[in-house]
Amino acid sequence: MADQVTSRIGQTKLVILIGDVTKQKTDAIVNAANSSLRGGGGVDGAIHRVGGPSIKEECQEYVSEHGALPPGKAMWTHGGNLPARYVIHTVGPIYKSEEGSAPVLRSAYEESLKLAEELNLKSLSFPSISTGAYGYPLEAAAPVALRAIIDYLREGSRLELVQLVCFAKDTFDAYKEASEKLVE
């Protein structure tokens, strides 16, 4: 399939594809959330709509107990009506500069991967974090995201499958181009 790139990093299959993250049948999907965890537009709104009210209830319970979720951090809820059992919510940076935003974006991916392993999951699907309403340029975000994932997986991971699910062709093209430079 032309709109899919597959590689192996350590024991993990890394797949970049065009699709809808809410339809992925992986153990968990990652939500590009806002700090208030209230749902919103883009992938965040879609996950809350498809997943149903239980996701919002768990998010609000988390915020009541812990406060807002800081950029670069992650938490989880059950998947509600989604095919995935869990949703890992992470907050990416609102893009201001590469220097200030890249470490936060990297952390959002790393914290999501760590949480998936803490939950003993075998498969995880990411959207493109921060490249929509948060304004991170795709050509800059894709290498940061892929480098974070590749570095994490090379350290040794129990994850069998990690997917980057790109909603649009231009997003897929940016991740494909970055993967050609980063994956040996």
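Tabulated values for the structure
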| read-out | value |
| --- | --- |
| So I18, is it under 22 Å from A145 (Cβ atoms) and out of contact with any Ser or Thr (no Cβ under 6 Å at 6 or more places or on another chain) | yes |
| Residue count, segment 68-83 (criterion: more than 25 Å from A141 (Cα to Cα) and surrounded by 21 or more Cβ atoms within 10 Å (Cβ to Cβ)) | 3 |
| Matching residues in segment 15-38 - criterion: being part of a strand (DSSP E or B) and touching a strand residue (DSSP E or B) at 6+ places or on another chain (Cβ under 6 Å) | V15, I16, L17, I18, A28, I29, V30, N31, A33 |
| Entirely in segment 56-160, the strands (runs of 3 or more DSSP E) that have 1 or more residues that are under 18 Å from A178 (Cβ atoms) | 123-126 |
| The one condition in (1) more than 15 Å from S125 (Cα to Cα); (2) over 15 Å from the mean Cα position of the chain (by Cα); (3) of a type outside the set (K, R); (4) at pLDDT 95 or above that P71 fails to fulfil | (2) |
| Failed criterion for N120 (all others in (1) touching a Gly at 6+ places or on another chain (Cβ under 9 Å); (2) free of Cβ contacts under 8 Å to residues at least 60 places away in the same chain; (3) surrounded by fewer than 20 Cβ atoms within 10 Å (Cβ to Cβ) hold) | (1) |
| Members of segment 39-48 that are free of Cβ contacts under 8 Å to residues at least 24 places away in the same chain and either touching a Pro at 6+ places or on another chain (Cβ under 7 Å) or assigned to a helix (DSSP H, G or I) (or both) | D44, G45, H48 |
| Subset of segment 1-14 [touching a residue at least 24 places away in the same chain (Cβ under 8 Å) and in a strand (DSSP E or B)] | V5, S7, I9, T12, K13, L14 |
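The values are calculated or read from the model by the stated rules, or taken from the named source; none is laboratory data. On a predicted model such as this, the values are computed, not experimentally measured, just so you know. Please note: Cβ atoms are built from the backbone with ideal geometry, for glycine as well, and neighbour counts cover all protein chains shown.
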